[in-house]
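Coordinate-derived values only; no laboratory data. Note that this is a predicted model, so its numbers are computed, not measured.
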Amino acid sequence: MIARTLAKRIADLMISKKAQDVVILDLKKLTSAADYFVICTADSDTQVRAVADAVRDGMEESDERVWHDEGYQALKWIILDYVDVVAHIFYKEDRSFYNLERLWGDAKKTEVKDLTAAPKLAVKKGRTTTRTSKKKKAEKE
C-alpha cells in the first residue's frame, strides 16, 4: 500500500473508534524518518487502547504489519510505526503537552472528519433544525 493510502486508512480506522481531532501531517519534504504522521486524540486510556487496537487489527487485515509499537503499558501515547507512516494515539492532555503539530509546523496538515457523524442541531426561535436543513432552505430561496 502506498504511504498516502496507508495514512488515510489509518485515519479512517481511528475515526471508527470515535477518535477526535484526527490529522495527517505530510512530512515528505521535511524528514526521511517517515512520510506521514497520523495523529488523533482519545478521551480515556480505554479509548487509547481501543483506537490503537483498531488500527493494528485493521492494518493486519490489509496485510500491513506494524514494524514497531510503544506505549501500550502507560496508555497515554501509543505509537504504531509502519515505517513510512507513524500513527500517534494520544490521551487528550498528553497531545496538548507534546503538541506534534507545532513541532512539525511546516508540514502540510490535513484534518480528517467523521463523515458518518450525525448533523449538529441548531435552535432558532424555539424550533430545532439541522444545519443541513437550514442550508437547503437557504439554497431554495
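Dividing the convex hull volume of the alpha carbon atoms of region 59-113 by its residue count gives 119 Å³ per residue.
A straight Cα-to-Cα reach below 13 Å connects Lys113 with the aspartates and glutamates Asp12, Asp21, residues fewer than 8 places away in its own chain not being considered.
Pairs Lys18/Lys92; Lys8/Lys109; Lys76/Lys109; Lys18/Lys76: which exceed 20 Å Cα-Cα?
Details: Lys18/Lys92 13 Å; Lys8/Lys109 13 Å; Lys76/Lys109 23 Å; Lys18/Lys76 16 Å.
Long pairs (Cα-Cα over 20 Å): Lys76/Lys109.
In whole angstrom, note down how far apart the Cα centers of region 1-23 and region 41-120 are. Answer, in whole Å: 8.
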